[in-house]
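Peer 1: This is the structure I have questions about; it appears just below.
The values are calculated or read from the model by the stated rules, or taken from the named source; none is laboratory data. All values reported here derive from a predicted model rather than from experimental measurement. Please note: Cβ atoms are built from the backbone with ideal geometry, for glycine as well, and neighbour counts cover all protein chains shown.
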Amino acid sequence: MKRMFFPGCQLGGSDPEYVTGLYDLLLSLDGSTGIGIGCCGAPAEWAGDREKFLEIRDGIRDLWRKQEQPEIILACPYCYKNFRENMQEIPVKMYFELVEIRLRKHITGTAAVYDPCAMRRFPEIRNRVRRLLEAENISLEELKYSGAKAQCCSWGGHAYTVNPNFVKTQVAEQIAMDENPYITYCINCTDIFRAKGKKVCYLGDLVLGRDTESRNIPTVSNRRENRRKLRRMLVDQYHIADNSPAGCGDRFFLHMSDALKKKLTERLILEEDVIQVIEEAERSGKYIIDVENGHRFAHRKISHMTYWAEYTMDESGGCTLYNAYSHRMMIVNEDKKSWETENSSAEDAGKS
Amino acid sequence: MGNRKLLCGRCREELKKEIVDFQYLSFAFHTEVLRCPKCGQVFIDEDLVEGKMHETEMVMEDK
């Protein structure tokens with residue numbers, strides 16, 4: 001294997017067909033090209049979890065050595081930055097640096113290239129994007145903050161987890177820099193800007209001959225499911241061995257309004273976590289009933305978070321979700337009363 | 001939340017206000033929330049989560 005495609009964790013989360021489309025393209029150039037899906041470790045680094053970051057980095061290095069040290073083809077600007085800065089022995093390229101890459105979809109009018117923050121130190125990549133666009137019949141504008149001064153779209157550093165208000169301001173400022181559509185080459189910038197109504201054309205779509213605007217913007221739960229779908233697609237279409245642990249399967253269907261879906265995405269609440277809450281509540285009977293409307297409230301601690309769901313069960317076995325929220329603070333000794341009751345009963349029984 | 005009537009699904013008891021303990025990042029807190037007087041199941045409404053609890057979480061994280 002001379003080349004290996006490493007699309008990163010977010011491209012397939014946004015749309016698995018980006019990964020398979022680009023992989024098909026790479027295979028057409030070199031049929032021996034391999035593929036490895038996973039995370040480059042950047043989110044662990046952002047979280048300050050150095051140990052996890054080093055574990056992921058070392059795993060990538062091991063994989064690279066075992067695969068006879070191929071050139072790694074990347075699609076994510078932050079993966080590129082991470083490889084260049086932390087895995088310098090590994091040769092890397094962004095997929096659009098390959099000389100054979102051409103744009104299959106053509107655009108016209110005026111647009112501005114939005115450089116992702118990870119590309120500040122890599123003028124050769126930024127220039128390559130502009131060279132690819134030179135042949136197009138478009139007028140390119142440079143943004144006030146681009147190139148070495150490129151700003152973050154708001155995705156980096158887990159800002160959305162720590163400070164949602166900052167994210168709102170940051171996104172608003174970025175999309176207001178130019179009224180014309182942006183041409184992006186980071187999928188996170190793409191999805192974040194589109195979610196706020198900015199007209200965006202993603203370079204990957206131009207390369208694959210697709211229309212960015214026709215794509216659905218993924219919710220946080222879609223992202224998780226898309227990654228599973230990608231794994232299945234790679235196994236089915238390319239007969240790639242699946243060594244990853246099995247995810248949870250489909251359980252019952254969760255009905256909810258579009259507004260609630262949006263809220264869950266903003267609060268980073270996965271539908272599968274909500275389903276876990278409800279499943280456990282229905283199994284154990286541990287829920288609370290609002291007498292007025294019959295809604296049930298249930299909660300469950302999953303990892304560091306406690307998730308709450310307000311729902312009703314449908315006759316079809318599905319479930320309608322009315323609200324969900326979460327907190328990091330833990331409830332202490334919630335079941336203490338039943339524990340005390342059971343133990344005092346046992347003690348009483350022992351005394352008699 | 002107003003004065004809506006909430007029942008424990010397990011015990012069918014009406015929830016009553018009670019002081020409940022919470023913990024976050026090795027800090028302990030307590031506040032009055034609705035709780036089943038029999039089994040201890042707790043109910044925390046979204047207003048409390050989005051308000052006082054969230055503010056406390058942020059303060060503890062900034063320490």
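Peer 1: Looking for something of a type in the set (Lys, Arg) and at the interface with chain A (Cβ under 7 Å from one of its Cβ atoms) - is there at least one such residue anywhere in segment B:16-33?
Peer 2: Initial filter on segment B:16-33 (of a type in the set (Lys, Arg)): B:16-17.
Pick out the ones that are also at the interface with chain A (Cβ under 7 Å from one of its Cβ atoms) and you get none.
No, there is no match, as no residue in segment B:16-33 is of a type in the set (Lys, Arg) and at the interface with chain A (Cβ under 7 Å from one of its Cβ atoms).
Peer 1: Restricting attention to segment A:40-71, and to residues there that are of a type in the set (A, V, I, L, M, F, W, C) and surrounded by fewer than 16 Cβ atoms within 10 Å (Cβ to Cβ), which single residue is farthest from the chain's Cα centre (by Cα)?
Peer 2: First pass over segment A:40-71, keeping only residues of a type in the set (A, V, I, L, M, F, W, C): A:40, A:42, A:44, A:46-47, A:53-54, A:56, A:60, A:63-64.
Of the ones still in play, those that are also surrounded by fewer than 16 Cβ atoms within 10 Å (Cβ to Cβ) are A:47, A:54.
Values: A:Ala47: 15, A:Leu54: 21 Å.
Top of the filtered list is A:Leu54.
Peer 1: Of all residues in segment A:24-39, count the ones that are among the hydroxyl-bearing types (Ser, Thr, Tyr) and either surrounded by fewer than 19 Cβ atoms within 10 Å (Cβ to Cβ) or within 28 Å of A:Arg120 (Cα to Cα) (or both).
Peer 2: Adding up the residues that qualify gives 2.
Peer 1: Let me ask something else about it. Do you know which residues across segment A:298-333 are under 31 Å from the mean Cα position of the chain (by Cα), more than 21 Å from A:Glu266 (Cβ to Cβ) and at the interface with chain B (Cβ under 7 Å from one of its Cβ atoms)?
Peer 2: Selection gives A:Met330, A:Ile331.
Peer 1: Identify, by number, the condition in (1) facing chain A (nearest Cβ under 9 Å); (2) in contact (Cβ under 8 Å) with a residue 12 or more places away in the chain that B:Glu50 doesn't meet.
Peer 2: Unmet for B:Glu50, out of (1) facing chain A (nearest Cβ under 9 Å); (2) in contact (Cβ under 8 Å) with a residue 12 or more places away in the chain: (2).
Peer 1: Starting from segment A:275-286, take each residue that is facing chain B (nearest Cβ under 9 Å) and list its partners that are among the aliphatic types (A, V, I, L, M), counting only C-beta distances under 8 angstrom and pairs at least six apart or across chains.
Peer 2: What qualifies is A:Ala281/A:Ala298; A:Ala281/A:Ala309; A:Lys286/A:Ala298.
Peer 1: So which residues in segment A:145-179 are of a type in the set (D, E, K, R) and at pLDDT below 95, if there are any at all?
Peer 2: Within segment A:145-179, A:Lys168 is the sole residue that qualifies.
Peer 1: Can you tell which of B:Cys36, B:Cys11 is out of contact with any strand residue (DSSP E or B) (no Cβ under 7 Å at 6 or more places or on another chain) and either farther than 18 Å from A:Ser326 by Cβ or facing another protein chain (nearest Cβ under 9 Å) (or both)?
Peer 2: Working: B:Cys36 fails: out of contact with any strand residue (DSSP E or B) (no Cβ under 7 Å at 6 or more places or on another chain).
Exactly one residue qualifies, and that residue is B:Cys11.
Peer 1: If you check A:Met119 against the conditions, is it of a type in the set (A, V, I, L, M) and assigned by TED's automatic domain parsing to the domain that holds A:Ala42?
Peer 2: So A:Met119 does not fit the description; no.
Peer 1: Return yes when A:Phe166 is crowded, with 18+ Cβ neighbours inside 10 Å and either touching a strand residue (DSSP E or B) at 6+ places or on another chain (Cβ under 9 Å) or in contact (Cβ under 8 Å) with a residue 12 or more places away in the chain (or both) and no when it is not.
Peer 2: no
Peer 1: Return the pairs, sorted by first residue and then second, in which the second residue is of a type in the set (Asp, Glu) and part of a loop (DSSP other than H, G, I, E, B), the first residue lies in segment A:1-14 and is more than 14 Å from A:Arg215 (Cβ to Cβ), the beta carbons are less than 7 Å apart, and the residues are 6+ apart or on different chains.
Peer 2: Partner pairs satisfying both residue conditions: A:Met1/A:Glu68; A:Lys2/A:Asp30; A:Arg3/A:Asp30.
Peer 1: Then there's this: Being facing another protein chain (nearest Cβ under 7 Å) and over 15 Å from the mean Cα position of the chain (by Cα): is that true of B:Arg4 here?
Peer 2: yes
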